[in-house]
Amino acid sequence: MTTPTLGSNTGAALGSGYLQVAVDLPLDSTFDYLPPFGQGAAAIAPGTRVLVPFGRGERVGLALGASPGSGQDQSRLKRVTAVLDPAPLLAAADLALIRWAADYYRHPLGEALFAAMPARLRRPEPLLEPRLRGWRLTQIGRDQAAEVLARAPRQAAVLARLQVPGAGRGLTPGLTTADLTRALGECGAALRALVARGWVEPCLLDPAVATGVVPVLGPELHPEQAQAVAEVRSAMAAGGFRAFLLDGVTGSGKTEVYLRLIQAALAAGRQTLVLVPEIGLTPQLERRMGTRLGVPMAVLHSGLGERERELAWRAAASGAAALVLGTRSAVFTPLPRLGLVVVDEEHDGSFKQQEGLRYSARDLAVRRAQVTGCPVVLGSATPALETLYNAERGRYAWLHLTERAGGACPPRLDLLDIRGQPLEGGLSRVLVRDLGAEIAAGNQVLLFLNRRGFAPVLTCHDCGWVGGCPHCDARLTLHLHHRRLACHHCGWTQPIPRACPDCAKDDLRAMGQGTERLEEDVARLFPGVPAARIDRDSTRGGGLRRLLEGARRGDYPILIGTQMLAKGHHLPGVTLVALIDLDQGLFGADYRAPERMAQLIVQVAGRAGRAERPGRVVLQTRHPDHPLLTALLRGGYGAFARGALAERRAAVLPPFAFQALLRAEGRGPEAATELLSRAAGLARGIGAQGVSLWGPVPAPMERRAGRYRAQLLTQAAGRGVLQRFLAEWIVGLRGLKVPAGARWSLDVDPQEML
Ligand SMILES: [Zn+2]
Ligand SMILES: [Zn+2]
């Protein structure tokens, strides 16, 4: 008999001789084990990893403390094989936050706990020695003048960087390759050359120690910034939780406000957690924070290697890193001295985890500040409607930044009615003329098209055949550059057929326009003018940084981009932004589509005229009277949001209602629906007052990656009502007989109806 005994969740007499352990499995229960010989269960602190016998093998588990006792046959309990960590990895507050998340999002505790840890520590790996490989000057290198290397500018730059007084991590100054790359761009070859000269040598560095940059003073704050800083600082001084919405137009200096607040936290000896939506935005912010604050910083994002990630995470957990900058999952980073939480671009959809433990990092950040008792600042130029609603009713303090820093004018928004207009390469004549004028004046223009590839459809002009994905209810996008048809939903690709697969005629045509095609069209319309295309295809393998640097230097008068370019990247030379095909986004099936569309328009518009040059934004549309567009044009995002919130209120949709979406998928169309019908039966059996059920219905794209999908929506007017229902429903769901090959998942506060 190898099955461990289920632990109970009743809070009976504590201090039994058994250890409660969670394992990384989709099981709702924890398990009881005997402590290793010679140790009491109480000696193994909660948050410590242990190796335990499980099934036929062994697994890593996380100790949760002495078990209250399962009441089952104790003679069958197994013994912990080994204690893996000398001290707990997670403190009581971290465990409490993850427990809360597992409970709220109705996810198995063990999986939630391990999802919150660096991947390497989910295996029985010993903790890494906290040392990073880096580079430092040799004695000869210290005495060299960078000018000696006039003919090798990369080497000169690396040498100069290492020679900055006080630069470097640790007692012996040195920098990692990553530190150098962040500051200077790719420098591997230069490093090798300097090592060959005997001027630079490898060394080991302490990851938790600052890169030694001397803090630089910031610019003077304008009155609104100063007011915002003062309000959050007084909340910090008073102690306790307070949530702030920092509602600031693009370019109004939100980052400067964050920096001053982080400095205040530092001065009080507290750590700060800063969440950003995209890995692409971290180097920019990291550099700015690094040069301004000069404190040990841990950066956490999905682009890190396992070892780097573990070291950064532990630098935060030990308290050595004063600041954690990270994407979504960094919200779980242990921070023993946490004193401030910042969520930048809080409206961004990438704060929502869409698989496994489906959480909102923004919402968890607020929760975290609440249990820690510290302020949280949610910053955005286009706050999410639910956040605005919280600010409107006074749950969040509302801070406004209405002026652009440095007195830059806000961009002017113009609708360009293209009904009946001849288009060239998707651009109206008026737009082509305006683009030409800006380019001729030495300015930069940005063409926004949220569709990558050459064309979204390949069709036979003769018989009407359309290239569809064999695994999804979706069309294949034509990628001429890679000579493939590709599905953007499941990743399937295939060669481009030479002739129509149905009628064999040789008349296949590309319909519609993606960024690749726009790039070609623009090259024809503006011959000889360098253009850079920035989308997921052109930036694979780290090209984003290079392209953005070129864009900022002004190498490309024309920039073409998808929403990748809309987010936070500073492009001071851009004076004209054109959104060339908005209309498909105006009529989305999802009730959140207008909100996302408005945010996207404002974010893209924010790229224009950030410096002293005024900017202009042109929206090409065939629906110039669309209420979303007219509200945005007349009153900006605020006016749009007021209207949209009124509509949500009337339709009783979030934030005026609370939802949980049960999704199911199976090999055939019946399995998913059948599973959800049983789930709906269970829900009706509970008979929860005030909870409505919608469905089951097929998902908007029913077949995806060869699986048929359906969904069942539950909704209630109050969070508490919904949570009480879910608590009961999930027990039934976990006991549900699942048809072969089918599976389900629950998404509390879903962001997308996919
Ligand atoms: Zn055909
Ligand atoms: Zn597909």
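Below are the figures for this structure:
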read-out	value
Distance between region 393-466 and region 694-754 - C-alpha centres, whole angstrom	37
For the chain, alpha-carbon Rg over 2.2 N^0.38 Å	1.03
Per-residue SASA entry for HIS481, accessible area with 1.4 Å probe, Å² rounded to 10	130
Trypsin sites (Lys or Arg not before Pro) restricted to region 710-749 and DSSP loop, no more than 10 other C-beta within 10 Å	LYS737
Unit charges at the beta carbon, dipole of the chain: most positive-side option, GLN659, LEU619, ILE580	GLN659
Long-range HN-HN contacts of TRP398 with modeled amide H, under 5 Å	LEU245
Accessible area in the full protein assembly, largest first, 1.4 Å probe, for GLU549, GLU346	GLU549, GLU346
Calculated FRET value between LEU423 and ALA145, using beta carbons and R₀ = 56 Å, to 0.05	0.45
Whole-Hz ³J(HN,Hα) from phi, Karplus 6.51 cos²θ - 1.76 cosθ + 1.60, for region 669-685, glycine and proline x	x, 6, 4, 5, 5, 4, 4, 6, 5, 5, 4, 5, x, 4, 4, 5, x
Region 564-605 shape via C-alpha gyration tensor axes, a/c threshold 1.5	prolate
Surface/4 of the Cα convex hull for region 265-368, nm²	6.3
Inter-probe distance in nm under a simple model that places probes 7 Å from Cα toward Cβ, at GLU520 and VAL466	2.1
Sorted peptide list for 366-375, 250-259, 123-132, criterion being average Cβ within 10 angstrom, highest first	250-259, 366-375, 123-132
Region 351-510: C-alpha gyration tensor shape, a/c 1.5 cut-off, then a/b vs b/c	oblate
Orphan Cys of the chain, criterion: no other Cys C-beta under 4.7 Å	CYS187, CYS203, CYS374, CYS409, CYS490
R0 of 45 Å, Cβ-Cβ distance ALA45-SER677: FRET efficiency to nearest 0.05	0.45
DSSP bridge orientation in the chain - percent antiparallel, rounded to nearest 5	55
For region 77-189, the Rg and Dmax computed from alpha carbons only, in angstrom	22.5, 71
Built amide H within the under 5 Å cut-off of ALA321, gap 5+	ALA316
Dipole of the chain, positive end: most advanced residue of GLN263, ALA532, SER745 [Cβ charges, Cα centre]	GLN263
Values of log10 I(q)/I(0), in the order q = 0.15 Å⁻¹, for region 464-589 under a Debye, Cα-only, solvent-free model	-0.87
Cα-based reach from LYS254 at 24 Å (exclusive), listing lysines while leaving out same-chain residues under 8 positions away	LYS352, LYS567
HIS489, HIS479, HIS107, HIS461, reordered so the largest accessible area comes first (probe 1.4 Å)	HIS461, HIS489, HIS107, HIS479
Percent accessible area from carbon and sulfur atoms, the chain, protein chains only, probe 1.4 Å	53
Alpha-carbon centroid distance for the pair region 575-642 / region 185-199, whole angstrom	47
Table column - 3J(HN,Hα) (Hz), region 588-594, Karplus curve with 6.51, -1.76, 1.60, x for Gly and Pro	x, 6, 6, 5, 7, 4, x
P(r) weight above 11 Å for region 682-726, C-alpha pairs, percent	69
Amide H contacts of ARG484 (H built 1.01 Å from N, under 5 Å, at least 5 apart or other chain)	HIS479
Area of ARG540 that stays accessible when all protein chains are in place (1.4 Å probe, Å², to 10)	140
Cβ-placed point charges (K, R +1; D, E -1), dipole of the chain about Cα centre in debye, nearest 20	860
Largest to smallest principal axis extent of the C-alpha atoms in region 650-739, angstrom	37, 31, 15
Calculated from backbone phi, Karplus (6.51, -1.76, 1.60) coupling profile of region 136-141 in Hz, x at Gly/Pro	9, 6, 7, 4, 5, x
Full-stretch length increase - GLU728, ALA589 - with 0.36 nm per residue and alpha-carbon distance subtracted	47.0 nm
MRE, 222 nm, helices only [DSSP H, n ≥ 4, -39500 (n - 2.57), over the chain, to nearest 500]	-9500 deg cm²/dmol
Label point distance in nm, LYS737-HIS400, each placed 7 Å from Cα along Cα→Cβ	6.1
Cα gyration tensor shape of region 560-667, rounded if a/c is under 1.5, else prolate or oblate by comparing a/b with b/c	prolate
Rounded D (µm²/s) - region 376-469, Kirkwood Rh over Cα pairs, Stokes-Einstein at 4 °C, 1.567 mPa s	69
Inter-probe distance in nm under a simple model that places probes 7 Å from Cα toward Cβ, at ASP502 and HIS481	3.0
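The values are calculated or read from the model by the stated rules, or taken from the named source; none is laboratory data. Just so we're clear, the structure is a prediction, and the values are computed from it rather than from any experiment. Positions of Cβ are generated from backbone atoms using ideal geometry, with glycine treated the same way; all protein chains shown enter the neighbour counts. To get the accessible areas, we keep the full protein, side chains included, count just its heavy atoms, and leave off ligands, DNA and RNA. Shrake-Rupley method; radii C 1.70, N 1.55, O 1.52, S 1.80 Å.
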